[in-house]
Amino acid sequence: MITSPIVIFHIIMGTLALVGGYIAVSVRKGALLHRRAGTVFFITMIGMSVSATWLAMVKERPDSIISGILAFYLVTTSWMTVGREENETGIFEIAAMLGIVGLSGYAFETAQAAGQLPEGTIRGFPASFYYFQGGLGLLGGALDLNMIARKGLSGVKRISRHLWRMMLALVIAIGSLVGQERIIPDMLRSPYILIPPVLITLALLFFWIIRVRFTSWNTEPPRP
């Protein structure tokens with residue numbers, strides 16, 4: 001039975017984040033419901049990622065430490081992207097870039113440590129998983145550097161940055177839920193039930209990125 005207050009808090013935040021995230025993805029971008037659902041997603045993802053990182057540090061789980069900080073980085077940088085004016089950056093973006101590069105270094109170091117162990121894993125995850133996490137962090141850091149060098153983004157590029165970071169954070173959230181075997185009923189512990197939500201969320205991520213970057217979605221007149 002789950003009795004720890006921080007675990008309960010983590011589960012509540014994660015559940016609300018999924019609800020807010022999927023509503024924000026499903027409705028018209030920029031509409032009032034989208035903004036409100038996005039605010040709920042942002043706030044609850046902060047709570048979920050911070051509590052997840054704390055629990056992971058207590059349990060000495062580097063995989064979850066990296067995922068928790070990565071989710072925090074994604075939602076905060078995504079939020080700041082649309083929170084700032086176009087073609088504007090500041091100290092926050094520089095700090096976020098340095099932080100995520102440092103996290104990538106930790107991920108790569110963990111991957112090397114896993115590869116040197118006889119079983120080839122740390123906490124059940126192989127070196128390739130930690131390299132993947134580190135690669136995601138470096139990708140985010142490289143795009144941060146590009147934005148800083150360009151003195152901010154505008155238009156479609158600005159919206160794309162906001163979308164893919166929020167969507168990837170949503171993927172991490174649903175992936176974290178799928179990995180919580182303690183709270184999933186036995187009848188639902190099947191890859192045919194647990195994997196499709198992750199794949200659908202990934203598909204939505206690519207759908208929106210393609211739609212924003214390569215179609216005229218932003219020129220469509222508002223619905224009555």
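The values are calculated or read from the model by the stated rules, or taken from the named source; none is laboratory data. Because the structure is predicted, anything quoted here is derived from the model rather than measured. Backbone-built Cβ (ideal geometry, glycine too); neighbour counts: all protein chains shown. Note: areas computed on protein heavy atoms with side chains; ligands, DNA, RNA excluded. Shrake-Rupley method; radii C 1.70, N 1.55, O 1.52, S 1.80 Å.
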task: Note the full-extension length gain between Ser128 and Glu85 as 0.36 nm times their separation in residues minus their Cα-Cα distance, in nm to one decimal.
output: 11.6 nm
message: Please compute the per residue accessible area over segment 117-180 with all protein chains in place, 1.4 Å probe, rounded to a whole number of Å².
response: 46
statement: The orientation-averaged projected area of the Cα convex hull of segment 108-168, in nm², is 5.0
message: Counting only helical runs of four or more DSSP H residues, what would the 222 nm mean residue ellipticity of the chain come to if each run contributes -39,500 (n - 2.57) and the total is spread over all its residues?
response: -26500 deg cm²/dmol
query: Under 29 Å from the Cα of Lys29, which lysines turn up, not counting those fewer than eight places away in the same chain?
result: Lys151, Lys157
task: Output the Cα-based Rg and Dmax of segment 1-116 in Å, rounding Rg to one decimal and Dmax to a whole number.
output: 16.2, 52
statement: For the chain, the helices passing both cut-offs (Cα extent along own axis of 30 Å or more, Kyte-Doolittle mean at least 1.6, full DSSP H runs) are 5-26, 191-214
Solvent-accessible surface ranking, highest first, for Tyr73, Tyr131, Tyr22 at 1.4 angstrom: Tyr131, Tyr22, Tyr73
task: Express the accessible area of segment 32-105 per residue in Å², computed with a 1.4 Å probe while the remaining protein chains stay in the model.
output: 47
statement: Per GNM of the chain with C-alpha springs under 10 angstrom, the most fluctuating residue out of Lys59, Lys157, Lys29 is Lys59
message: Taking just the alpha carbons, could you work out the radius of gyration and Dmax for segment 1-51, both in angstroms?
response: 12.3, 41
message: Over all directions, the average projected area of the alpha-carbon convex hull for the chain comes to how many nm²?
response: 14.0
task: Can you sort Trp54, Trp79 by 1.4 Å-probe accessible area, starting with the largest?
output: Trp54, Trp79
message: Show me the ranking of peptides 196-202, 33-39 by mean Cβ neighbours inside 10 Å, starting with the highest.
response: 33-39, 196-202
message: I'd like the carbon and sulfur percentage of the solvent accessible area for segment 78-129, probe radius 1.4 Å, heavy atoms only, ligands and nucleic acids excluded.
response: 60
task: Could you rank Trp164, Trp208 by how accessible they are, 1.4 Å probe, largest area first?
output: Trp164, Trp208
